[in-house]
Amino acid sequence: MKLNQLNKHINMLIIELKINLRNNLVKMLLLLATIAVCFESFYILPKDQLIGNSIAFSSWITQMFIIVGVCCGIIIAGEESSKVKETLCSVGAEQLNIICKIEMAFIESVLLMFISVILIFISFINLKAYSILYIASFKYIIFYWIMPFGLSCLMGIIVSLFLNGKMRYIFGSFAMIFMGPMMPTILEPLMDTRTSLYKYISVFNTGTLYASRPINLMFGYYMPIERIVIDIIIFIGLLIIILSKTYKKIYVEISCFFIGFLIIGVAIVMNFNFVKSNYDYDTAMNIYNAYSKETTTNDINNDYKIKHVDININNARLDKKMEFEVNYSIESNCDVSYITFMLYHGFSIKNISINNQQITFSQKEDLVKVNHDFNAGKMNTVHITYVGIPILQMYFDKKNWILPSYFAWYPMKGTNEHIVSGNDLFELNFFSEKNDGDILYKVSYQGKGKPISNLNNMQSYEWEGYADGVTLMSSLWIKELNANGNKFIVPILCKNYETNIEKYDNDFSKFRKLIGEHQSNDKYTYFFVSDVTYIGHGEKVNVYNNHSVVEITKGYCDGSMLSNPNIGLYALIDDEYLKGALDENLKYIYKGAYITMLVNQKKVDKSQLVRSLNDIYNLYVENAGYSTYTELVLQIQKCMSNESNERQQLFMNELAELIKNNSEIDEILDFVEAYND
């Protein structure tokens, strides 16, 4: 009996397959999808500056697959005439017929998957792509091309089964448009971005969240597990709605329909929350709202020394969050009733204890106040546990994340202005106080991935060493290069680094000795990472005693940029003299003046000078509204021409203090004029 039923099922599926293959419209639609993939594989991909980058921009293919999927679903379910349906019903084959239609949608999805994967892989072979791109692109095609196609195909079947006439075309068109990622992207610029309507028109989107985000140099394609889970839930809901047609009893059919509809509703709510918590605009607005409030407080006490920091990271939790357990030994410089430290407010503090005794604490944005009687000169062990994930795109998944030194992922000295928004909503600057000297750090890690640190690798997933900051990162998309005994951690997608890192290291080491009193460590680590704050500035260097975090964008992925590391020189000046300064114009003038001084003293080559003081003066003259800055540049030029080398350095040191303390421009101008008198 079961064998007869199976044969009947197979025969009906074969008939269904033949009917669809004979349909010229189905063949035309599948051919159209194939042509789109061919265009992507053999025309767009070979033009990529970064191999595989255009796949991240392939939302137009997702949209086309969805349109094709809805059309194919309508054709699959609407192929039979009313007489054929009556015949199937009379022989008890109506239920089997609906199941075969679901299987037909699956077959078409698999067929399209094989076509897409084979064509993309052929292109990768011609381009000599890295092996990781094959795996990542396969996942991307499954999640963002084929899965939306399959879901839209099921939606087409539902439209055809439950609707007739014009309603079929209205709902079919709605599904074609709003189940894809292109419509929200097209509509958003036409709307007031302050309302952030993107999340409201993206609730039905089954494709990627971003239609225009390039591949991440450090983490690859953006494929969050939440999005995949949401699509699976939608699939279950659609499947239940279709299978409701297999029940003869009307109340069972209606019940199944509403259960499926409810499941899809849950998925839509989850999708809305996902977009709200991951969409760039909302993420940036949350940060802006947190830090735009007036948070000035006198309850800051950083008058203590950190002697030792022990950090344990647990990234093996079932949820997305990382769990941190930190022990650090501190010595207060005076008798106080509290101390403060910085910790990113996105981390939820579980408890804090001092010398094994639970204590009370308060948190205002990133400033944590710990209440305890600290005696001068006495050592105290502070224990803190907290959970959460880092800010913005520092965290992709369990295997791909970065915890950079400039970000308060562990307790740091500082103020409640750890993160400051720039002129642009997405431009974030991170501030924390420099340690009085190198601290002994011990770091251990549990979880997926293979983290790399600027500290010495003691054994598997354990690091130790003296440093003024700790960077820890894990990524499947990076490689390690070496020059002059120093390490370069570079994205594998970047080119020509091997031939340029030695000169970069020589120049940067020279600058480190020239600016301030940076120690020349035996080993230095450079982390070349993607721009984790969306600023898009090209290159930004965060400098520490034994490592640097160099943020680069796609335009700087060619290693030839390393031949002139003047931005590294600017970063060293920033780090040594301008830490905490907020006026970008004053910082720009100071760095131009400082490098002009070094060039005049023949300490650096003129090629390191992007703009001389005279060029900066002309720039401000040409732009109205900067008269005070123009006069300041003129006065600094006068000072530079009249003073000796020693007096110039003394002047630059005093000027830096005023800028770093965010003095008013008029006060700074008065200081420079007085210096010239």
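Quick one: length gained pulling residue 247 to residue 259 fully straight, 0.36 nm per residue minus the C-alpha distance? Don't jump to the answer; show the numbers that get you there.
On the way: separation 12, 0.36 × 12 = 4.32 nm, distance 1.41 nm.
Between residue 247 and residue 259, full extension yields an extra 2.9 nm.
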Where the chain is the region considered: accessible area per residue in Å², 1.4 Å probe: 45 Å²
3J(HN,Hα) from dihedral phi, region 182-187, Karplus parametrisation 6.51/-1.76/1.60, rounded to Hz, x for glycine, proline: 7, 4, x, 5, 6, 6
Global form of region 572-631, assessed from the alpha-carbon gyration tensor, a/c cut-off 1.5: oblate
Extension gain (nm, one decimal) between residue 131 and residue 351, 0.36 nm per residue minus Cα-Cα: 74.8 nm
Total formal charge among the other residues, if their Cβ is under 11 angstrom from that of residue 395, Lys/Arg +1 and Asp/Glu -1: +3
At R0 = 51 Å, FRET efficiency that the Cβ-Cβ distance of residue 60 and residue 308 yields, to 0.05: 0.40
Label-point separation, residue 462 to residue 378 (7 Å along Cα→Cβ), nm: 3.2 nm
In nm, spacing of pseudo-spin labels at residue 674 and residue 600 (7 Å Cα→C-beta vector): 2.2 nm
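Would you compute, from DSSP H runs of 4+ residues alone, the mean residue ellipticity of the chain at 222 nm, taking -39500 (n - 2.57) per run and dividing by the full residue count, rounded to the nearest 500?
On the way: 21 runs with 310 residues, N = 677.
Using -39500 (n - 2.57) per qualifying helix, the result is -15000 deg cm²/dmol.
Go through 27/166; 378/540; 18/128; 307/450; 320/378 and tell me which ones have a Cα-Cα distance over 30 Å in this structure.
Working: 27/166 24 Å; 378/540 40 Å; 18/128 39 Å; 307/450 28 Å; 320/378 39 Å.
From 27/166; 378/540; 18/128; 307/450; 320/378, over 30 Å: 378/540; 18/128; 320/378.
Based on the Cβ-Cβ distance from residue 638 to residue 362, what FRET efficiency comes out when R0 is 45 Å, to the nearest 0.05?
On the way: r = 50 Å, r/R0 = 1.11.
For residue 638 and residue 362, the calculated efficiency is 0.35.
Between residue 24 and residue 645, what length in nm is gained on full extension when 0.36 nm per residue of separation is reduced by their alpha carbon distance?
215.2 nm
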Inter-probe distance in nm under a simple model that places probes 7 Å from Cα toward Cβ, at residue 9 and residue 44: 3.9 nm
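What per residue convex hull volume, in Å³, do the alpha-carbon atoms of the chain yield? Numbers along the way, then the final one.
Working: hull volume 140.0 nm³, N = 677.
So the per-residue hull volume is 207 Å³.
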Isotropic mean projected area of the C-alpha convex hull, region 133-188 (nm²): 4.7 nm²
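Going highest first, how would you order 66-72, 389-395, 140-146 by mean Cβ packing within 10 Å? Let's see the in-between values first.
Values: 66-72: 26.3, 389-395: 19.6, 140-146: 23.6.
Going from most to least packed, we get 66-72, 140-146, 389-395.
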Between helix 166-178 and the chain: long-axis angle, C-alpha atoms, 0 to 90°, nearest 10: 30 degrees
The chain: angle of helix 627-642 to the longest principal axis, Cα-based, in degrees nearest 10: 50 degrees
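As an exercise, use a Förster radius of 25 Å and the Cβ-Cβ distance of residue 316 and residue 480 to find the FRET efficiency, rounded to the nearest 0.05. Mind dumping the intermediate values first?
On the way: r = 25 Å, r/R0 = 0.98.
The calculated FRET efficiency here is 0.55.
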Spread of Cα-to-Cα distances over 10 Å intervals beginning at zero, given as percent, for region 310-391: 17, 48, 27, 7, 1
Qualifying aspartates and glutamates (Cα of each under 13 Å from Cα of residue 442; at least 8 residues distant if same chain): 310, 325, 462, 464, 468
Degrees separating the helix 131-141 axis from the principal Cα axis of the chain, which is the longest one: 50 degrees
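For the chain, which whole percent of the accessible surface, found with a 1.4 angstrom probe, sits on carbon and sulfur atoms? Let's see the in-between values first.
Numbers: 17180 of 30440 Å².
Answer for the chain is 56 percent, counting heavy atoms of protein chains only.
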Prolate/oblate/rounded call for region 360-505, Cα gyration tensor, a/c under 1.5 rounded: prolate
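The values are calculated or read from the model by the stated rules, or taken from the named source; none is laboratory data. Just so you know, these numbers come straight off a predicted model, no measurement behind them. Methodologically, a virtual Cβ is constructed for each residue, glycine included, from the backbone with ideal geometry; neighbour enumeration extends over all protein chains shown. Surface accessibility is based on the protein's heavy atoms, side chains included, excluding ligands, DNA and RNA. Shrake-Rupley method; radii C 1.70, N 1.55, O 1.52, S 1.80 Å.
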